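Just so you know, all these numbers are worked out from the coordinates, no wet-lab data involved. Please read all numbers here as calculations on a predicted model, not as lab measurements. So basically every Cβ, Gly included, is an ideal-geometry build from the backbone, and we count neighbours across all protein chains shown.
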Amino acid sequence: MSAQGATRPALQAAERAAALLARSGNASAYLLEAHAGVVACYLTLWERARRHPAAVVVLRRRTRQAVRGLAGFSRIFSVGGPRTQFYAGQIAALEGHPARARRVWQAGHAQAQALAMVYEQAQLAAALARGGGAGARPAAGVLGRILQRWRPAR
């Protein structure tokens with residue numbers, strides 16, 4: 001299957017999931033991964049569609065809408081805050097605003113620390129390290145410390 005052929009089913013699945021989430025409301029904290037999955041799918045499709053301006057316009061709009069849905073979820077369930085910031089930073093980076101992306105990721109990392117969410121701390125630290133700039137070195141150090149916690153005891 002070609003990359004183009006794989007795009008249509010992914011887009012259809014994301015659209016169906018987004019519609020289900022819109023109808024279901026934010027009834028459970030367990031919906032975090034559903035919201036995040038929709039955003040991640042749209043972001044991936046957006047990244048792959050860079051050479052197709054019409055598709056980028058549509059995917060940018062859908063990604064932003066999905067992040068707004070995740071932000072609404074986060075207002076009810078604070079565990080969604082760091083993931084919302086992660087994806088908002090991804091959008092800023094894709095739109096060519098690395099300084100904004102770093103600020104958003106740093107805010108998300110602080111939220112993840114306050115909530116003791118180790119996975120999100122690592123995810124945001126990795127984004128900061130990949131994003132470069134002034135936040136890269138400290139973020140890489142944070143990522144190293146987080147990964148130390150995950151090593152099995154001897």
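Report note on the peptides 79-86, 106-113: ranked by the mean count of other C-beta atoms within 10 Å, highest first, their order is 79-86, 106-113.
Shown here for the stretch 1-77: trypsin sites (Lys or Arg not before Pro) in loop regions (DSSP other than H, G, I, E, B) with at most 14 other Cβ atoms within 10 Å, namely R50, R51. Please state the shape class of the stretch 1-76: rounded when a/c is under 1.5, otherwise prolate if a/b exceeds b/c and oblate if not, all from the C-alpha gyration tensor. The shape class here is prolate. Seen through its C-alpha gyration tensor, with square-root eigenvalues sorted a ≥ b ≥ c, the stretch 19-139 comes out oblate because a/c lies at 1.5 or above while a/b is not bigger than b/c. Near L32, once Lys and Arg are set to +1 and Asp and Glu to -1 for all other residues with Cβ below 12 Å from its Cβ, the sum equals -1.
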